[in-house]
Amino acid sequence: MRVGVNTLFLIPGEVGGSETYLVESLRALAQCDPALTLVLFTQHENDAYWRERLGCFPNVERVPLRFRAAHRAVRILCEQIQLPAAARRARVEVLWSPGYTAPFWARCPQVVSILDMQYRRHPEDLAWLARLVTHGLIVAGSRRCRRVLTLSEFSRREIMRHTGLASEKITVTPLAAAPDFFAKPPEAVRAAVRRRLGVTGPYLLCVANTYPHKNVPRLVAAFGLLAAEFPHQLVLVGQPRRGEAAVQAALVGLAARDRVHRLERVTRDDLVVLYQDAALFVFPSLYEGFGLPVLESMAAGTPVVAWRQAAIPEVGGDAIAYAERDDAAAWAAQMRALLRLDAGARAAWSARAQARARSFSWDRTAAAIAGALRGA
């Protein structure tokens, strides 16, 4: 079966977990289901990216469309006009759009991935016009597609609530942690990475771009409550977004400001080391369709504190700790408890987290995606 894959939305390094979802899903599909031919529709910013990552698979083809996706209006027009024509010329039998939106019309059946409904629950993350356009595109596209893919049971319920789609039209395809998050590199390698990144001594880690719903200012405030008790740094990995002003305001009032270390971009290998060597991973996000950083940290065996809302309990289960209130004192209390674990208790916590992380698999996710594509 020839499957068209609409990658027009993907600008490498800019779309967060959506990038990991697509890359790992396609890699698993190409490896595990050679009966599928994957025809990737690419654009100027990502064609070389896909050649590098999937060029080794004989059942992967690329069809470049000549435009720059950084201009969102242009990308939307190309998705609606150029993509259906390109899919027809490429003789695809089903078209999968993994980035929330899909063409309103195509000659072949369509499948779309809607990873969450965050723009509805946290509208402050987007400008009003972007919210309006996004909702119109998502609702119209999802109703024209034969199947919708999402990441969690929580997101399935959210999509039903905000689009009116029936439950049986939506297939849950969870994410997974890649094998390299489970394997600890040698100490000399990890030490070299930490030195290069400027991370010295013990540290707490958070991986999140500073959108308002990621709630990073709350973590900064909680860190302030612990700074006198523990010598740790707070390492924040992520790019500035619409909530950056609130993060800066929280840092201004922090006495331990010199112990907050920010990294906007890190490589995949560096991220593995940061997860592996952190004393604690804290994920204060208020809304997640899945929460891949939580799973990756669990795979690394690092204790996690997160918020008991949205899809996070589906991912973490009883293998992570939860803040029960969204205030600095509640976050600090859970962080303090994990930082005080002795070596034996920490090892038991890590083993439980890694066992749960192994229950998620890209191969099973790829099988669910392939089933939905064939069903469509």
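This table checks each residue for (1) within 25 Å of residue 194 (Cβ to Cβ); (2) not polar (S, T, N, Q).
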| position | (1), (2) |
| --- | --- |
| 267 | yes, no |
| 296 | yes, yes |
| 319 | no, yes |
| 324 | no, yes |
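Would segment 99-114 turn up any residue that is among the aliphatic types (A, V, I, L, M) and over 23 Å from the mean Cα position of the chain (by Cα)?
yes
For residue 214, which of the numbered conditions (1) buried (at least 22 other Cβ atoms within 10 Å of the Cβ); (2) assigned by TED's automatic domain parsing to the domain that holds residue 15 fails to hold?
(2)
Does segment 346-365 contain at least one residue that is farther than 24 Å from residue 272 by Cα and buried (at least 21 other Cβ atoms within 10 Å of the Cβ)?
no
Can you confirm whether segment 145-162 contains a residue that is in contact with a Leu (Cβ under 8 Å, 6 or more places away or on another chain), surrounded by fewer than 21 Cβ atoms within 10 Å (Cβ to Cβ), assigned to a strand (DSSP E or B) and touching a residue at least 60 places away in the same chain (Cβ under 8 Å)?
No, every residue in segment 145-162 fails to be in contact with a Leu (Cβ under 8 Å, 6 or more places away or on another chain), surrounded by fewer than 21 Cβ atoms within 10 Å (Cβ to Cβ), assigned to a strand (DSSP E or B) and touching a residue at least 60 places away in the same chain (Cβ under 8 Å).
Taking only pairs six or more apart or across chains, which ones have beta-carbon atoms under 7 Å, a first residue in segment 44-58 that is part of a helix (DSSP H, G or I), and a second residue that is aliphatic (A, V, I, L, M)?
Hits for this filter: 50/40; 53/23; 54/26; 54/30; 54/60.
Name the one entry in 183, 192, 245 that is within 22 Å of residue 296 (Cα to Cα), part of a helix (DSSP H, G or I), small (Gly, Ala, Ser) and not assigned by TED's automatic domain parsing to the domain that holds residue 126.
Every option except 192 fails the conditions.
Kindly establish whether residue 89 is more than 20 Å from the chain's Cα centre (by Cα) and modelled with pLDDT under 95.
Criteria not met by residue 89.
Kindly list the number of the only condition in (1) touching a residue at least 60 places away in the same chain (Cβ under 8 Å); (2) among the aromatic types (Phe, Trp, Tyr); (3) in a strand (DSSP E or B) that fails for residue 9.
Against the list (1) touching a residue at least 60 places away in the same chain (Cβ under 8 Å); (2) among the aromatic types (Phe, Trp, Tyr); (3) in a strand (DSSP E or B), residue 9 comes up short only on (3).
Filter segment 297-320 for residues that are without any contact (Cβ under 8 Å) to a residue 24 or more places away in the chain and farther than 22 Å from residue 250 by Cβ; which is surrounded by the fewest Cβ atoms within 10 Å (Cβ to Cβ)?
Filtering segment 297-320 for residues that are without any contact (Cβ under 8 Å) to a residue 24 or more places away in the chain and farther than 22 Å from residue 250 by Cβ, the one surrounded by the fewest Cβ atoms within 10 Å (Cβ to Cβ) comes out as 308.
Among (1) within 19 Å of residue 116 (Cβ to Cβ); (2) at pLDDT 95 or above, which single condition is residue 162 missing?
In the conditions (1) within 19 Å of residue 116 (Cβ to Cβ); (2) at pLDDT 95 or above, residue 162 misses (2) alone.
Pick from segment 110-151 the residues that are among the small types (Gly, Ala, Ser) and within 22 Å of residue 95 (Cα to Cα): which of them is modelled with the highest pLDDT?
This residue is 113.
Do we find a residue being modelled with pLDDT under 95, of a type in the set (Lys, Arg) and not in a helix (DSSP H, G or I) anywhere in segment 255-264?
no
In segment 80-87, is there at least one residue being surrounded by fewer than 20 Cβ atoms within 10 Å (Cβ to Cβ), more than 22 Å from residue 367 (Cβ to Cβ), in contact (Cβ under 8 Å) with a residue 24 or more places away in the chain and touching a helix residue (DSSP H, G or I) at 6+ places or on another chain (Cβ under 7 Å)?
Scanning segment 80-87, I find no residue that is surrounded by fewer than 20 Cβ atoms within 10 Å (Cβ to Cβ), more than 22 Å from residue 367 (Cβ to Cβ), in contact (Cβ under 8 Å) with a residue 24 or more places away in the chain and touching a helix residue (DSSP H, G or I) at 6+ places or on another chain (Cβ under 7 Å), so the answer is no.
Given 41, 67, 57, which one is of a type in the set (Phe, Trp, Tyr) and touching a Ser or Thr at 6+ places or on another chain (Cβ under 9 Å)?
One residue alone meets the criteria, 41.
The values are calculated or read from the model by the stated rules, or taken from the named source; none is laboratory data. What you see is a predicted model; the values in this text were computed from it and never measured. Methodologically, a virtual Cβ is constructed for each residue, glycine included, from the backbone with ideal geometry; neighbour enumeration extends over all protein chains shown.
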